[in-house]
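Enquirer: Sending over a structure as structure tokens; questions will come in a sec.
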Amino acid sequence: MLRVGLISDTHGLLRPEATAFLAGSDHIVHAGDVGDPSILDALAAIAPLTAIRGNVDMDVWASQLPDTTRAVIGGVTLYVLHDLAALDIKPRAQGIRVVVYGHSHQASVSERDGVVYVNPGSAGPRRFRLPITAAELRIDGSSVTAHIQELAPG
């Protein structure tokens with residue numbers, strides 16, 4: 001079984017609770033609004049990292065990040081983008097099993113048409129009175145499960 005740590009909307013803040021939660025991941029995905037390149041370095045020190053650019057990632061360092069990407073982990077294809085409203089493909093038709101996104105700061109897990117959609121929520125500064133969260137995927141063959149984890153108490 002593989003564990004994929006999911007994080008988004010750090011906005012320049014990588015909380016110790018987030019690094020503790022992500023420790024032991026086989027892979028980490030950051031779904032944008034990183035805010036500071038040192039966050040990518042810290043995450044890559046934990047596990048192999050896939051990251052995309054969010055709408056606040058406008059500095060020169062962020063120009064090297066793609067707007068979207070695909071990653072194949074344990075034989076499962078993930079599609080990563082920041083804002084789900086910008087999804088312009090049909091994931092299932094393209095063999096994508098998981099769509100990871102951020103932007104709204106609202107953690108959620110849903111499944112539609114055989115595709116798991118995961119927003120790990122916001123792991124950075126608290127906004128909109130929403131909880132501070134990250135998520136994980138467990139990949140076991142063709143089985144994929146997702147779990148949201150609250151990182152900091154309300």
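The values are calculated or read from the model by the stated rules, or taken from the named source; none is laboratory data. No experiment lies behind these values; they were computed from the predicted model shown. Cβ: placed from backbone, ideal geometry, glycine included. Neighbour counts: every protein chain shown.
Enquirer: Is at least one residue of region 58-72 within 16 Å of Leu14 (Cα to Cα), of a type in the set (A, V, I, L, M, F, W, C) and surrounded by fewer than 21 Cβ atoms within 10 Å (Cβ to Cβ)?
Expert: Within region 58-72 (the criterion being within 16 Å of Leu14 (Cα to Cα), of a type in the set (A, V, I, L, M, F, W, C) and surrounded by fewer than 21 Cβ atoms within 10 Å (Cβ to Cβ)), the answer is no, since none of the residues qualifies.
Enquirer: Looking at region 108-116, can you tell me whether even one residue there is among the acidic types (Asp, Glu), at pLDDT 95 or above and crowded, with 19+ Cβ neighbours inside 10 Å?
Expert: Looking for residues that are among the acidic types (Asp, Glu), at pLDDT 95 or above and crowded, with 19+ Cβ neighbours inside 10 Å, one finds none in region 108-116, hence no.
Enquirer: Now for a separate question. Could you count how many residues in region 123-141 are surrounded by 21 or more Cβ atoms within 10 Å (Cβ to Cβ) and either more than 17 Å from the chain's Cα centre (by Cα) or not in a loop (DSSP other than H, G, I, E, B) (or both)? Full working, then the answer.
Expert: Pass one, region 123-141, residues surrounded by 21 or more Cβ atoms within 10 Å (Cβ to Cβ): 123-124, 132-137, 139.
Now narrow it down to the ones that are either more than 17 Å from the chain's Cα centre (by Cα) or not in a loop (DSSP other than H, G, I, E, B) (or both): 132-137, 139.
Number of matching residues: 7.
Enquirer: Can you tell me which residue within region 142-151, out of those that are surrounded by 13 or more Cβ atoms within 10 Å (Cβ to Cβ) and either touching a residue at least 40 places away in the same chain (Cβ under 8 Å) or in contact with a Leu (Cβ under 6 Å, 6 or more places away or on another chain) (or both), is farthest from Pro16 (Cα to Cα)?
Expert: Val144
Enquirer: Taking the residues in region 85-104 that are surrounded by 14 or more Cβ atoms within 10 Å (Cβ to Cβ) and either modelled with pLDDT under 95 or over 12 Å from the mean Cα position of the chain (by Cα) (or both) as candidates, determine which candidate is farthest from Ala146 (Cα to Cα).
Expert: Pass one, region 85-104, residues surrounded by 14 or more Cβ atoms within 10 Å (Cβ to Cβ): 87, 91, 96-104.
Now narrow it down to the ones that are either modelled with pLDDT under 95 or over 12 Å from the mean Cα position of the chain (by Cα) (or both): 87, 91, 96-97, 104.
Numbers: Leu87: 20, Pro91: 17, Ile96: 15, Arg97: 12, Ser104: 18 Å.
Only one residue tops the list, namely Leu87.
Enquirer: Still on this structure, I have one more. Can you tell me which residues in region 98-122 are touching a helix residue (DSSP H, G or I) at 6+ places or on another chain (Cβ under 6 Å), at negative phi and either among the small types (Gly, Ala, Ser) or outside any loop (DSSP other than H, G, I, E, B) (or both)? Show your work before the answer.
Expert: Of the residues in region 98-122, the ones touching a helix residue (DSSP H, G or I) at 6+ places or on another chain (Cβ under 6 Å) are 101, 113-115.
Going one step further and asking which of them are at negative phi, we end up with 101, 115.
Listed by number, the list holds a single entry, Val115.
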